[in-house]
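For reference, the structure discussed in these notes is given below.
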Amino acid sequence: MLGGASVNADASTLVYGSNDYTRINPAMDEHGEINILIFNGLTAHDGDNQVVPGLAKSWEFDEDTCTYTFHLEEGVKWHDGEDFTANDVKFTIEAIMDPDNGSENAPNYEDVEEIDVIDDYTISFKLDAPNVAFLDYMTMAVLPEHLLEGEDMQESDFFRHPIGTGPYKLTEWDEGQAIILDKNEDYFKGEPNIDEVIFKIVTDDNAKALQMDSGELDLALLTPKDAQNFTDKEGYTCYDMKTSDYRGILFNFNNDYWTENKDIIPAICYGIDREAIVQAVLLGEGMPAYGPLQRNIYNDENVEHYDYNPEKAKEILESVGCTIGDDGFYYRNGEKLGFVISVGAGDQVRVDIAQAAAQQLKEIGIDVTVEVPAQVDWGGQMAYLIGWGSPFDADDHTYKVFGTDKGANYSGYSNALVDQYLTEARQSDDPEVRKEAYAKFQEELAKDPAYAFICYIDANYVAKSSIQGIDEETIMGHHGVGIFWNITEWTIEE
């Protein structure tokens, strides 16, 4: 028994070590590994992170009117047996765009001027400005209008009992224990091979490794230190997968501290030994970070990397009027220079990165401490050990993260030039224009840092060797999300 559900001995079951979920709401929340099993978008991403058909079998773009027209698959059923139609698509995107719903994903669709349901299986989106990443954003999970119309898109009980069109149906949710999914035998892209997928809730990294070792789990994303213990262990396969997932220190510009001390941020950037953190915390499974696009074709390697330079950091501090005290820390206007980095609970790697950076900054005279609050205070905290990154179009996780007042801009960062360059880049389909715009964006972000970028982390998945079909070449996204992109093709060998 697991989470109150009995497992058919003849059925193939995959048990995945998952973080906890309070809801499954892909329209409002940006991340969720489970979404791709339950839902579909109009488009999807393949193993090379390129756009391919999903619920839309084809589409065309009219440049003159800036209109995308999608032709939808017919005969697709929701998990409750109702028909999927274009009205569901219109409902979903309009719900995301509605400012009253507070969706993190709203900036992706802010260019949408009009949505027209032409018939049950044809829908068009007229944009008021070009958005070259629009097809990427149409991977958004489509939700059923017949179950959500009139519901609160943040609080509806639907998000505890989600119904999708995807390859797996949610059949049971034992809170804090397990989410149980059974295969959708009528899946429009073909019946999955694995009968049942169980997201077993294991929030502690050490417990996850122990349960992987004991055989309770079949697949898990482990810390680098835990994953290395499985390298030579019989019956297990380690997948050390590249990601676009970076870590850095987010400065909360809504906090008065940074209004008064923004000029010390370059010193903080120079005071972090990124390579040492990659080696000590990630065991070399990652790389130093200097910007948000290092896994993207539009990355500019020529921007300031802020390579570790403690002497330069001290020079900057002294140039802005800070003086060293007898205790080895810098002071400004009689106040000790320092701040607190908050880290979300349950992510030991982030805690270790934050503590390593804090120790390095103490060594140059900035009194930095780390705390792990039960609840993150986005408005009041001083700094946060942030993680972002997208393996898709460069617009993803830049425009909405660094653009003024955008949905995922949790730092309160605002820079008019950054806004200008990101807008120019998203509105052009000319690679040279985009390259120049993103180069200017990265240069400006280096001059006026929103974050102190620290490292990119690899995704260290460990699986029982009986699981076949995992694509280890795919670049993973934030939180290592993406491994399930081809779950329907996986098999479990006896």
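Between ASN302 and GLU371, take the C-beta separation as r, use R0 = 41 Å, and let me know the FRET efficiency to the nearest 0.05.
Computed FRET efficiency for ASN302 and GLU371 comes out at 0.65.
For SER390, SER214, SER465, what's the fewest-to-most ordering of other Cβ within 10 Å of each Cβ?
Values: SER390 25, SER214 8, SER465 11.
With the fewest neighbours first, SER390, SER214, SER465 line up as SER214, SER465, SER390.
Given +1 on the Cβ of Lys and Arg, -1 on the Cβ of Asp and Glu, and no further charges, what dipole in debye does region 245-390 carry about its Cα centre, rounded to the nearest 20? Show your work: numbers first, answer last.
Numbers: 10 positive and 23 negative charges, 44 e Å.
Dipole about the Cα centre, nearest 20: 220 debye.
Only loop residues by DSSP count here, and only those with at most 15 other Cβ atoms within 10 Å; note down the chymotrypsin sites (Phe, Trp or Tyr not before Pro) in region 336-397 that meet that. All intermediate terms of the calculation are to be shown ahead of the outcome.
Numbers: sites: PHE339, TRP378, TYR384, TRP388, PHE392; in loops: TRP378, PHE392.
For chymotrypsin sites (Phe, Trp or Tyr not before Pro) across region 336-397 that sit outside H, G, I, E and B with at most 15 neighbouring Cβ atoms in 10 Å, the list reads TRP378.
Using Cα pairs closer than 8 Å and at least 6 residues apart in sequence, work out the relative contact order for region 173-238, in percent. Walk me through the numbers on the way to the answer.
Values: 54 pairs, mean separation 14.0, N = 66.
Normalised by residue count, the contact order of region 173-238 is 21 percent.
Let me know the whole percent of all Cα-Cα pairs from region 35-148 that are separated by more than 23 Å. Can you show the working numbers first?
Values: 1492 of 6441 pairs.
Result: 23 percent of Cα pairs exceed 23 Å.
Name the long-range amide H neighbours of VAL370: under 5 Å, sequence gap of 5 or more, or other chain; modelled H, no Pro or chain starts.
So VAL370 has HN proximity to ILE341.
Quick check on region 246-457: of the DSSP beta bridges with both residues there, what percent are antiparallel, nearest 5%? Provide the component values of the computation, followed by the final result.
Numbers: 18 of 25 bridges.
Bridges in region 246-457 that DSSP calls antiparallel: roughly 70 percent.
How big is region 132-192 in terms of Cα radius of gyration and Dmax, in angstroms?
14.0, 41
Would you tally the net charge around ASP273, using a Cβ to Cβ cut-off of less than 12 Å, leaving ASP273 out, and scoring K and R as +1, D and E as -1?
Numbers: positive: ARG274; negative: GLU275, ASP307, GLU363.
My count for the surroundings of ASP273 gives -2.
Please give the FRET efficiency for SER214 paired with GLU363, using the beta carbon to beta carbon distance and R0 = 45 Å, rounded to the nearest 0.05. List each step's numbers first, then the result.
Details: r = 41 Å, r/R0 = 0.90.
Once rounded, the FRET efficiency stands at 0.65.
In Å, what Rg and Dmax follow from the Cα atoms of region 246-457?
Rg and Dmax of region 246-457, Cα atoms, are 16.8, 57 Å.
Tell me the GluC sites (Glu not before Pro) within region 225-298 that lie in a loop according to DSSP and have at most 12 other beta-carbon atoms within 10 Å. Intermediate values should be presented prior to the final figure.
Values: sites: GLU234, GLU260, GLU275, GLU285; in loops: GLU234, GLU285.
Listed in order of number, the matching sites are GLU234.
Take ARG350, ARG247 and order them by how many other Cβ atoms sit within 10 Å, fewest up front.
Working: ARG350 22, ARG247 26.
Taking fewest neighbouring Cβ atoms as first place, the list is ARG350, ARG247.
With a point put 7 Å past each Cα toward its Cβ, work out how far SER58 is from GLU110 in nm, to one decimal.
Rounded to a tenth, the inter-label distance reads 3.5 nm.
Straight-line reach from LYS440: which lysines have a Cα under 23 Å away, not including same-chain ones fewer than 8 places off?
In chain and number order, the partners are LYS262, LYS400, LYS406.
At a Förster distance of 30 Å, what's the computed FRET efficiency of ASP46 paired with THR259, Cβ-Cβ distance as r, to 0.05?
Values: r = 45 Å, r/R0 = 1.51.
The formula returns an efficiency of 0.10 here.
Along the positive direction of the dipole of the chain (beta-carbon charges: Lys, Arg +1; Asp, Glu -1; about the Cα centre), which of ASN309, ALA56, ILE483 reaches farthest?
The one lying farthest along the dipole's positive direction is ASN309.
Let's see if you can work this out: charge +1 on each Lys and Arg Cβ, -1 on each Asp and Glu Cβ, no other charges. What is the dipole magnitude of the chain about its Cα centre, in debye to the nearest 20? Please list the in-between numbers first.
Numbers: 32 positive and 97 negative charges, 335 e Å.
Its charge dipole is roughly 1620 debye.
If the cut-off is 22 Å between C-alpha atoms, which lysines fall inside it for LYS208, apart from same-chain ones fewer than 8 positions away?
LYS200, LYS225, LYS233, LYS242, LYS464
Got a sec to turn the phi values of region 117-122 into Karplus ³J(HN,Hα) couplings, 6.51 cos²θ - 1.76 cosθ + 1.60 with θ = phi - 60°, whole Hz, x for Gly and Pro?
3J(HN,Hα) across region 117-122, in whole Hz: 7, 6, 7, 4, 10, 9.
Which one of TYR257, ALA267, ASN131 has its Cα pushed farthest toward the positive end of the charge dipole of the chain, where Lys and Arg give +1 and Asp and Glu give -1 at the Cβ?
Farthest towards the positive pole: ALA267.
Straight-line reach only, C-alpha to C-alpha below 24 angstrom: list the lysines that LYS189 could link to, leaving out same-chain residues fewer than 8 apart.
Those lysines meeting the cut-off are LYS57, LYS77, LYS90, LYS169.
Across all directions of projection, what mean area in square nanometres is found for the Cα convex hull of the chain? Walk me through the numbers on the way to the answer.
Working: hull surface 93.5 nm².
One quarter of the hull surface, i.e. the mean projection, equals 23.4 nm².
What residue among GLY235, ALA357, GLY389 has its Cα farthest toward the positive end of the dipole of the chain, where the charges are +1 on Lys, Arg and -1 on Asp, Glu, each on the Cβ?
ALA357
Mind checking the angle between helix 431-447 and the chain's longest principal axis? C-alpha axes, 0 to 90 degrees, to the nearest 10.
Computed tilt is about 40 degrees.
What do you get for the angle between helix 348-363 and the principal long axis of the chain? Use alpha-carbon atoms, 0 to 90 degrees, nearest ten.
Once rounded, the angle reads 10 degrees.
Ranked by Cβ crowding within 10 angstrom, fewest neighbours first, how are ILE475, ILE180, ILE115 ordered? Write out the running numbers ahead of the final one.
Values: ILE475 20, ILE180 23, ILE115 17.
Ascending Cβ contact count within 10 Å gives the list ILE115, ILE475, ILE180.
Got the relative contact order for the chain handy, in percent, Cα pairs under 8 Å and 6 or more residues apart?
On the way: 1029 pairs, mean separation 100.9, N = 494.
The value is 20 percent.
Quick note: the coordinates plus some simple rules give every number you see, no bench work behind them. Note that the structure is predicted; figures quoted are calculated from it, not measured. Quick reminder, even Gly has a Cβ in these numbers, built from the backbone with ideal geometry, and neighbours come from all protein chains shown.
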